[in-house]
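Notes follow the structure.
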Amino acid sequence: MFSRASSLRSFPLTLRSSLASKRLASTKSLKETIEEVIPVKQAHLKKLKTEYSDVSIGDVKVGNVIGGMRGLRAMLWDSSVLDPEEGIRFHGLSIPDCQSALPAAPGGKEIIAESMLWLLLTGQVPSAEQTRELSRTLAEKGNLPSSVASLIDSLPRTLHPMTQLGIGVAALNHDSSFQAAYEKGMKKSEYWTYTLDDSLNLVARLPALAARIYRNVYKPGAALPDIDPDLDLVGNYSRMLGYGDNHDLTEYLRLYISIHGDHEGGNASAHTAHLVGSTLSDPYLSYAAALYALAGPLHGLANQEVLRWQLSMLKEVGEEVSHDIIREYLWKTLKSGQVVPGYGHGVLRSPDPRFIALQKFCDSKPELLNSPIIQLVKKTYEVAPDVLKEHGKTKNPYPNVDAASGCVLYHYGLTEFKYYTVIFGVSRALGCVTQLVWARALGLPLERPKSYSLEAIEQLANSGSA
């Protein structure tokens with residue numbers, strides 16, 4: 001890990017210039033920084049409308065319409081772009097760039113949620129002082145309202161943790177600044193400020209909400225510690241989960257939540273938040289909807305499916321396993337009609353940089369290097385792409401982030417599978433609230449695509465018109 005003071009000197013000149021241009025004076029607050037950026041973004045949007053509104057940036061095929069809209073260029077999402085080969089970039093910065101440039105927690109080495117949130121919202125790398133001040137602000141806002149705490153406590157322990165998380169987030173709408181201001185009457189130019197207030201409150205309260213659900217479901221009767229104003233967001237989250245003394249797990253959670261926080265806008269949860277937000281629903285309602293998209297097996301539940309599959313393999317083949325045995329197990333899975341979980345992606349056509357970052361984290365920890373489940377993940381990665389290429393039915397034979405994420409949590413003792421998506425839900429809020437703030441700042445309209453029936457699609461296809 002580079003030191004924060006000297007990290008820029010380690011980048012190529014063009015990237016050093018880019019990073020340097022993203023820095024502001026360390027005395028500016030998050031809101032002040034956003035206020036300075038808004039006119040620039042508004043001018044850019046105006047230019048696009050004026051000069052390029054009638055310019056085509058792609059065509060729409062029948063396969064796009066009936067195939068989940070895959071590949072359609074149909075959405076503005078400014079904080080991150082996902083390239084099929086390079087992977088995710090946050091305002092132009094790759095994950096390794098972020099790891100070198102973004103401030104860590106005191107005593108830590110990994111990116112923290114606050115520095116990533118600042119980057120997503122402003123397009124600029126915060127100073128350590130700005131990051132620390134944001135940590136304090138979130139800690140001050142982090143306690144749940146008593147009504148929401150009581151509501152969560154009243155839910156049955158058997159109710160899925162993701163269902164409970166969505167209920168809790170929606171209930172936070174009771175204190176929505178945006179909703180209250182909208183009912184009183186406010187200028188459209190003020191929408192973003194109240195959206196930012198709600199967004200920061202939401203991000204701040206998610207750890208306490210998620211930890212309360214964890215304690216109620218898995219450790220009933222265990223007291224929740226108070227929020228520590230000297231800790232960062234994820235440091236407090238880990239502490240409230242009961243793992244505050246496990247520095248390595250806390251560092252892993254910091255890395256996971258930061259790099260998992262935004263993955264452009266087309267994925268189901270991000271798109272849902274944007275769609276609902278476009279109706280001027282407040283961030284609580286918008287993100288509650290996003291969480292229920294995240295709860296689906298084809299989206300946020302994937303990491304627990306990977307872990308189940310890896311544990312099943314470990315049980316069958318044992319700890320001392322060769323590449324040949326793993327290859328046989330992979331073919332057994334494929335020939336049974338199942339997919340290999342944790343491999344493939346809707347956009348990526350190369351190894352997921354988030355997976356690579358988590359693997360590097362594992363390689364830096366001796367206890368993970370000696371973990372049977374982590375070693376099995378690594379050996380599977382060494383074999384699976386060639387098997388999947390030979391199988392010939394996977395567009396991307398490489399691992400995504402889910403191939404490793406749940407297995408590390410399992411090793412460190414957080415073994416409750418159903419809870420893993422809740423951690424994902426704490427993370428994905430970073431990108432979703434960023435888009436909600438900027439959608440209001442830019443005055444983006446209600447999202448309303450055109451739909452067609454099967455017969456109408458066929459008629460359009462036969463006529464050759466759109």
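Tabulated data for the structure shown
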| quantity | calculated |
| --- | --- |
| Filter result for residue 264 (open to solvent by 20 Å² or more (accessible area, probe 1.4 Å), among the acidic types (Asp, Glu) and part of a helix (DSSP H, G or I)) | no |
| Matching option when the condition is in contact (Cβ under 8 Å) with a residue 12 or more places away in the chain and either acidic (Asp, Glu) or assigned to a helix (DSSP H, G or I) (or both), among 72, 82, 45 | 45 |
| Candidate set: the stretch 330-354, residues that are touching a residue at least 24 places away in the same chain (Cβ under 8 Å) and assigned to a helix (DSSP H, G or I); chosen: the one most open to solvent (accessible area, probe 1.4 Å) | 331 |
| Condition check for residue 226: of a type in the set (Asp, Glu) and either buried (at least 22 other Cβ atoms within 10 Å of the Cβ) or out of contact with any helix residue (DSSP H, G or I) (no Cβ under 7 Å at 6 or more places or on another chain) (or both) | yes |
| Counted residues, the stretch 287-329 - those being in a helix (DSSP H, G or I) and farther than 19 Å from residue 263 by Cα | 21 |
| Any hit, the stretch 211-220, residues being open to solvent by 30 Å² or more (accessible area, probe 1.4 Å) and without any contact (Cβ under 8 Å) to a residue 60 or more places away in the chain | yes |
| Answer residue from the stretch 364-406, given it is part of a helix (DSSP H, G or I) and polar (S, T, N, Q) and is most open to solvent (accessible area, probe 1.4 Å) among those | 375 |
| Only one of 357, 384 that is among the small types (Gly, Ala, Ser) and either over 25 Å from residue 89 (Cα atoms) or free of Cβ contacts under 8 Å to residues at least 24 places away in the same chain (or both) | 384 |
| Search result, residues across the stretch 145-166 that are open to solvent by 30 Å² or more (accessible area, probe 1.4 Å), under 18 Å from residue 291 (Cβ atoms) and either hydrophobic (A, V, I, L, M, F, W, C) or without any contact (Cβ under 8 Å) to a residue 40 or more places away in the chain (or both) | 151, 155, 159 |
| Conditions (1) under 21 Å from residue 400 (Cα atoms); (2) in contact with a strand residue (DSSP E or B) (Cβ under 8 Å, 6 or more places away or on another chain); (3) at pLDDT 95 or above; (4) open to solvent by less than 50 Å² (accessible area, probe 1.4 Å); number of the one not met by residue 82 | (3) |
| Test: residue 100 is open to solvent by less than 20 Å² (accessible area, probe 1.4 Å) and touching a strand residue (DSSP E or B) at 6+ places or on another chain (Cβ under 8 Å) | no |
| Set 231, 249: member being under 20 Å from the mean Cα position of the chain (by Cα), among the aliphatic types (A, V, I, L, M) and either part of a loop (DSSP other than H, G, I, E, B) or under 22 Å from residue 355 (Cα atoms) (or both) | 249 |
| Residue within the stretch 114-125 that is charged (D, E, K, R), open to solvent by less than 10 Å² (accessible area, probe 1.4 Å) and assigned to a helix (DSSP H, G or I) present | yes |
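The values are calculated or read from the model by the stated rules, or taken from the named source; none is laboratory data. Not measured: the values here are computed from a predicted model. Using ideal geometry, Cβ is built from the backbone for each residue, glycine included, and neighbour counts are taken over all protein chains shown. The area values use the complete protein model at the heavy-atom level, side chains included, leaving out ligands, DNA and RNA. Shrake-Rupley method; radii C 1.70, N 1.55, O 1.52, S 1.80 Å.
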